[in-house]
Each structure stands twice: as structure tokens, then as C-alpha cells.
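> Here it is, the structure in full.
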Amino acid sequence: MKNKLRNMLASFAAACTLWLPASATAGEETDFQQVIPRPLSVTLLPGGAFDIQSGMTVSYPKGNRAMARNAAFLTEYVQAQTGIKLTPVKGRPGKSGIRLTLGLDNPNREAYIITVDEQGIGIQGASEAGVFYGIQTLRKALPATSTETISVPYAVITDQPRFAYRGSMIDCSRHFFPVDFIKKYIDLLAMHNINTFHWHITDDQGWRFEVKKYPQLAKDGSRREQTVIGRNTGHFDGKPYEPGFYTQKECRDIVAYAAERHITVIPEIDMPGHMLAALSVRPDLGCTGGPYKVGQQWGVYDDVLCAGNPQTVEFIRDVLSELISVFPSTYIHVGGDECPKTRWKSCPRCQARARELGFTPGGRHSVEEQLQSYLIHEAEAFLNKHGRSMIGWDETLEGGLAPNATVMSWRGFEGGVEAARQRHKVIMTPTSHCYFDYYQTQNLQNEPQAIGGFLPLSKVYTLEPVPDILSEDEKGYIIGAQANLWTEYILTPEHVEYMLLPRLSAMCEVQWTQPEAKDYENFRNRLPRMKALYSRYGYNCAPHME
Ligand code: ACM
Ligand code: ZN
């Protein structure tokens, strides 16, 4: 009876390509229409369903390690979600089972197609990454509950992402998160079809990247004597915070772990501001010469890298040189945000350097803005020379954009609009929609302390990264969107998960799904199933649905 009903509904849906309303008790059955992010097209076919059971094979092409890993991922997911044990097999598929193949003819390399019929389940990708996203869609359509048989309705799903850059950032300076948790976080990104992990590893309150040429940088720069209590109350906890840093070996391990999941790690060394932890070790690189202490409270510090000291550029090059030897990403993030010009204005060396470089006041950019631009240009030139591309926060527009820079627009959409008009690539991450350190509810009674603000799930969902005011050509420069998690007030992995979930599910639909297919009510109806999956994997999801 159940099958018959489903078949009837399936034929009906196929006939009118109608989206069925998601059921509130969903979770027991396979349902491609409940997947987040919503695929491009789901067509249910009449005729029945294919059953998955233990012992069934997952075949993949011989001699392709990424495809072997894909088969292993699917096997792991199905076992974790349902207890059913599949068997990966190299080469030709058996009579029936799950087949992972390449060769889908689609210029979007992350595209895939899933077909379910009496032969079994086929996932074909335009690349190994495409197959991986097909696997993500299949596992999110499957139940997250123990069972012996999963019945998968006959269907065809075709899908590809809207944006090539789908990012999520975490700040591991203000608070440190261990490698094991970073891996769990990467698994979470994979579940949301996110392909870029932006890793913020240096800031005023802690330097967390090992630089072999300057061992004290991570050793001492990762420790602060104490931390302010609450929101810069003037009261301190008196407790040293010495959680450590990431060794280059650990960073390589994270890069490899992410790469298996088709995720690129983009490291960020924030410069020339947000450098107090580095200055505490290298006081000679500050305008006043110090002494400096690793930051103990939040916000923006006046002490930044001295733009007039030739050693500053050498330091930047040394750090970037080790960074690119560890992180293979094309993009490297050099920060560039929130760099006060106070010290530079009164520093004789900075002013002398500005004169040398011919910077004069009275133009579009102040002398100090030009100094900032000079340092960022130096960083970009070094990266470009080594075959890498630079990303900077939108302040990098201020003294004139470096020639090949990509801009991360965080103080609203304007920086992104301006950069796109200058024919530079843009990643949209405005505070209004992307700052997951903000509260997600207005009822703060039982809420852990956050930085402030209010960014509910519904607001994340409404983000449209491509501003209408851009021309069609300019719109092409918006390559994606990103969620940012700053961790001044976030001390534990459980709290990280709480701030990310469920908002990351709204963000991933912004990043992946075509705008015509977005519908908040429909999304909300699909969320219970995603939450069941979070719970199956032990993630700490916030209850808010505002
Ligand atoms: C930022 O939030 N300072 C990029
Ligand atoms: Zn200076």
C-alpha cells in the first residue's frame, strides 16, 4: 500500500514536475525532495523503487584514487546513517548496485546526475568533485535512522552549483580549536556542499601558524597572559591562554583531509593590521618599537606593522613563503582589514617611505591609505611571482586595489560592487547576512553570549550575492559567498557548531541553488531532515528557526 501510494505520487510529480510538500515527520524514507541545498531538478519516475541492503556493491573506475575515496565516503555515510554495510568494488559494476562514474558532459566540473532505476543507482559526475556532490545529495536523501533496507524511489536528479566559490571561515586565533575538531568542521562543510575553508590563523590575540624561520612567532605569539571578561569590560580573567598553534605538519594533514572532500583550504595571515601577536615577538616591526603584548581584549589595535621598515616586507615575504609551501591553494588571503593609520601618521620612517614612494596628500587616497596599499601590493607581487592569487578584505580597495586582487566584501555590498566594476573578482560576505558570530534569536534568556547583532536563519537565506545594480558583465565577477565565524566569544567546539547550525544550511542553499528555486517556506520544511542528520552525527544544532 505504501509503495503503491508512493508510486502514484511519484507519477503525479513526474507529470507536473511539482514539488511535494515536505512532511514534518520526514526522515524514515528516502526523499530527494528534502535535500538541502535544493538540487537543480528532481524528477521522480513511475515504476517503483530500488532497495539498498547490506552487501550491495559500490563500483568505481579502476586506477582512480579520488573515485575510490568517493566510494569509501558513500560506504561510510550509509553505514553511519543507517547501519547498512556496502562494499566498494573496483572496475565493472555487478548486476545491480550503486555505480560511480565520470564522463558527464557538462562544463561545470561540479555537476552530477543521479539515476535510480531497476538497475540500481548511478551517480555520474563531470569530475570526481561532481560525483562527490552526487554522493552528498544521495546521503541527504537517505534516512538518518537504523534500518536493514532503504527503498530509493526511481528518479533522475540533475544538479550543479550556482557559484564556484562556496566558503566558510573560522577564526582560530581568538580561540584555538584542535585538529580533530577542524576535521569535524570540514566534514560539516562537505555535508553542505561547501568547497572552500577559509582558515583565519593569525590575529592580535594569537599567532597560530608555525613559521620555521621565526620559531618564537608561534611559540610565544600563540600565548596571551589573560583574556578580557565579557565585551571589553576592563576586567580580565587572570588566566594564561596557551592552547598552542598548528604545526606545518598538522596544516598539511588538514589540507589533505580537506582535499579528499574536494575542499580547498585558504589560509589567512592578516596584515598589516591585526598583527599584535607578531609584534610581541618582533617589536622591531612596529612603528614605536614596543614592547608589545599579545592582545588580551577584542577590537582593533593601533599598533600595526611599520610600513617604513624594510624588514617588514622581508618578514611578509618570509611568512608567505612558508605559508605557500604548506598550503597549495591558488588563493592566499592576506587580510588587509581594520588597519588604523594612527602610528603611520606620526612615524618618521613611515612618512619617509611615503615621500620616497612619491605619495602625496590631497588626492583620492590619503598618504597612509597609499602606504597600506603599498604593503598589500608587495604581498600580492610576491604571491603572483609564485603562481598564487591574493584575496583581501574590502579595505584593500582603499589605497587602490592591487592589480590581480580578489576582494572579500564584508562591510556591506559596496566594496564588492566597486571591485566588480573595476573588473576584480569578488566574494560576498556582508556582516548583514554572513556573520555567524551574531545572535540567531532575539530571545537572549538562555542564549550563550555572542558579539551582538541579530542574524536569524531567515535573513541568511535571503542573501542575494549578486547585486542588481551591476551590469551583466560585472555580475560575472561575483564568484561566490561565504559564512564567517569570528570566535572572540566562542570557546568550544560545541559552541562553534551551535553558531553554525542550522544557519549553514541556509548559506549553502544561497551558494548552491539557483535563485528561482529558492523558497524559504519550502526550505524550512526540509530542515527537519537535515537536523536529523546533524543529530545522527552528534552535531550541536541551535533550536532557532526565526
Ligand atoms: C572583519 O570582519 N574584520 C573582516
Ligand atoms: Zn612606521
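> Within the range 291-322, track down each residue that is within 16 Å of ligand 2 (Cβ to nearest atom), of a type outside the set (Phe, Trp, Tyr) and touching a residue at least 12 places away in the same chain (Cβ under 8 Å).
Scanning the range 291-322 gives ASP302, ASP303, VAL304, LEU305, CYS306, ALA307, GLY308, ASN309, GLN311, THR312, VAL313, ILE316.
Residues checked against (1) open to solvent by 40 Å² or more (accessible area, probe 1.4 Å); (2) under 17 Å from VAL156 (Cα atoms); (3) not aromatic (Phe, Trp, Tyr):
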{"site": "ARG69", "(1), (2), (3)": "yes, no, yes"}
{"site": "TYR77", "(1), (2), (3)": "no, no, no"}
{"site": "GLY94", "(1), (2), (3)": "yes, no, yes"}
{"site": "TYR112", "(1), (2), (3)": "no, yes, no"}
{"site": "ILE123", "(1), (2), (3)": "no, yes, yes"}
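> When the residues of the range 421-444 are narrowed to those that are without any contact (Cβ under 8 Å) to a residue 40 or more places away in the chain and open to solvent by 30 Å² or more (accessible area, probe 1.4 Å), which ends up nearest to TYR331 (Cα to Cα)?
In this case the residue turns out to be GLN422.
> Go through the range 401-415 and report how many residues are more than 13 Å from ligand 1 (Cβ to nearest atom), open to solvent by 10 Å² or more (accessible area, probe 1.4 Å) and touching a strand residue (DSSP E or B) at 6+ places or on another chain (Cβ under 9 Å).
Here the count works out to 3.
> Does any residue in the range 182-209 that is in a loop (DSSP other than H, G, I, E, B) come within less than 6 Å, Cβ to Cβ, of a residue that is among the aromatic types (Phe, Trp, Tyr) and open to solvent by less than 10 Å² (accessible area, probe 1.4 Å) six or more places away or on a different chain, and which pairs are these?
ASN193/TYR133; ASN193/TRP512; ILE201/PHE209; ARG208/TYR246
> Only one residue in VAL265, VAL281, VAL255 is touching a residue at least 24 places away in the same chain (Cβ under 8 Å), of a type in the set (A, V, I, L, M) and open to solvent by 30 Å² or more (accessible area, probe 1.4 Å), so which one is that?
VAL281
> Next question. Condition first: of a type in the set (D, E, K, R) and either part of a helix (DSSP H, G or I) or without any contact (Cβ under 8 Å) to a residue 24 or more places away in the chain (or both). Now tell me which residues in the range 105-159 satisfy that.
Correct list: ASP105, ARG109, GLU128, ARG139, LYS140.
> Separate question: Any chance the range 311-331 includes a residue that's buried (at least 19 other Cβ atoms within 10 Å of the Cβ) and either farther than 29 Å from TYR241 by Cβ or within 16 Å of ligand 1 (Cβ to nearest atom) (or both)?
yes
> May I pose another question? Would you check which residues across the range 450-499 are of a type in the set (Asp, Glu), assigned to a loop (DSSP other than H, G, I, E, B) and touching a residue at least 40 places away in the same chain (Cβ under 8 Å) and list them?
Those that are of a type in the set (Asp, Glu), assigned to a loop (DSSP other than H, G, I, E, B) and touching a residue at least 40 places away in the same chain (Cβ under 8 Å): GLU464, GLU488.
> Cβ-Cβ under 7 Å, sequence separation 6+ or interchain: first residue in the range 375-400 and touching a residue at least 24 places away in the same chain (Cβ under 8 Å), partner aromatic (Phe, Trp, Tyr). Which pairs?
As it stands, the answer is SER389/TYR331; ILE391/TYR331; TRP393/TRP410; ASP394/TRP410, since those pairs meet every condition given.
> Out of LEU375, LEU371, I need the residue that is within 13 Å of ligand 2 (Cβ to nearest atom), out of contact with any strand residue (DSSP E or B) (no Cβ under 8 Å at 6 or more places or on another chain) and at pLDDT 95 or above. Which one?
None of the others qualify; the one that does is LEU371.
> Against the conditions (1) open to solvent by less than 70 Å² (accessible area, probe 1.4 Å); (2) within 15 Å of ligand 2 (Cβ to nearest atom); (3) over 29 Å from the mean Cα position of the chain (by Cα), where does ARG349 fall short? Just the number, please.
Every condition holds for ARG349 apart from (1).
> Here is a further query. Take the range 328-348 and flag every residue that is in a loop (DSSP other than H, G, I, E, B), in contact with a Ser or Thr (Cβ under 9 Å, 6 or more places away or on another chain) and under 29 Å from ALA258 (Cβ atoms).
Listed by number, the residues that qualify are PRO328, SER329, THR330, GLY336, ASP337.
Quick grid of which residues meet (1) more than 16 Å from ligand 1 (Cβ to nearest atom); (2) under 19 Å from MET169 (Cβ atoms); (3) buried (at least 19 other Cβ atoms within 10 Å of the Cβ):
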{"residue": "GLY336", "(1), (2), (3)": "no, yes, yes"}
{"residue": "PRO340", "(1), (2), (3)": "no, no, no"}
{"residue": "ARG355", "(1), (2), (3)": "yes, no, no"}
{"residue": "GLY358", "(1), (2), (3)": "yes, no, no"}
{"residue": "GLY363", "(1), (2), (3)": "yes, no, no"}
{"residue": "GLU369", "(1), (2), (3)": "yes, no, yes"}
{"residue": "LEU375", "(1), (2), (3)": "yes, no, yes"}
{"residue": "HIS386", "(1), (2), (3)": "yes, no, no"}
{"residue": "ILE391", "(1), (2), (3)": "no, yes, yes"}
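> Now for a different question. Cβ-Cβ distance below 6 Å, separation of 6 or more or different chains: which pairs start in the range 329-349 with a residue that is within 20 Å of ILE269 (Cβ to Cβ) and end on one that is more than 11 Å from ligand 2 (Cβ to nearest atom) and small (Gly, Ala, Ser)?
Final answer for the pair search is THR330/SER389; TYR331/SER389; VAL334/ALA379; VAL334/GLY392; GLY336/GLY392; GLU338/GLY273; CYS339/GLY273.
> Among the numbered conditions (1) touching a Gly at 6+ places or on another chain (Cβ under 7 Å); (2) free of Cβ contacts under 8 Å to residues at least 24 places away in the same chain, tell me where THR233 comes up short.
(1)
> Quickly run through the range 278-303 and pick out the residues that are in contact with a Leu (Cβ under 8 Å, 6 or more places away or on another chain) and within 16 Å of ligand 1 (Cβ to nearest atom).
Matches in the range 278-303: GLY295, TYR301.
> Check GLU509, GLU488 and return the single one that is away from ligand 1 (no atom under 16 Å from the Cβ), acidic (Asp, Glu) and surrounded by 20 or more Cβ atoms within 10 Å (Cβ to Cβ).
GLU509
> Any idea which residue in the range 197-252 is farthest from ARG166 (Cα to Cα), counting only those that are open to solvent by 70 Å² or more (accessible area, probe 1.4 Å) and either at pLDDT below 95 or under 22 Å from the mean Cα position of the chain (by Cα) (or both)?
In this case the residue turns out to be LYS249.
> For GLU418, indicate whether it is open to solvent by less than 20 Å² (accessible area, probe 1.4 Å) and either touching a residue at least 40 places away in the same chain (Cβ under 8 Å) or away from ligand 1 (no atom under 16 Å from the Cβ) (or both).
Spelling it out, it is not the case that GLU418 is open to solvent by less than 20 Å² (accessible area, probe 1.4 Å) and either touching a residue at least 40 places away in the same chain (Cβ under 8 Å) or away from ligand 1 (no atom under 16 Å from the Cβ) (or both).
> Further, regarding this structure: Restricting to the range 50-63, name every residue that is surrounded by fewer than 22 Cβ atoms within 10 Å (Cβ to Cβ) and in contact with a helix residue (DSSP H, G or I) (Cβ under 7 Å, 6 or more places away or on another chain).
If the condition is that a residue be surrounded by fewer than 22 Cβ atoms within 10 Å (Cβ to Cβ) and in contact with a helix residue (DSSP H, G or I) (Cβ under 7 Å, 6 or more places away or on another chain), then PRO61 is the only one that fits.
The values are calculated or read from the model by the stated rules, or taken from the named source; none is laboratory data. Owing to the predicted nature of the structure, the values given are computational and were not obtained by experimental measurement. Because the Cβ atoms are built from the backbone with ideal geometry, glycine has one as well, and the counts that use them run over all protein chains shown. Heavy atoms of the whole protein, side chains included, go into the accessibility calculation; ligands, DNA and RNA do not. Shrake-Rupley method; radii C 1.70, N 1.55, O 1.52, S 1.80 Å.
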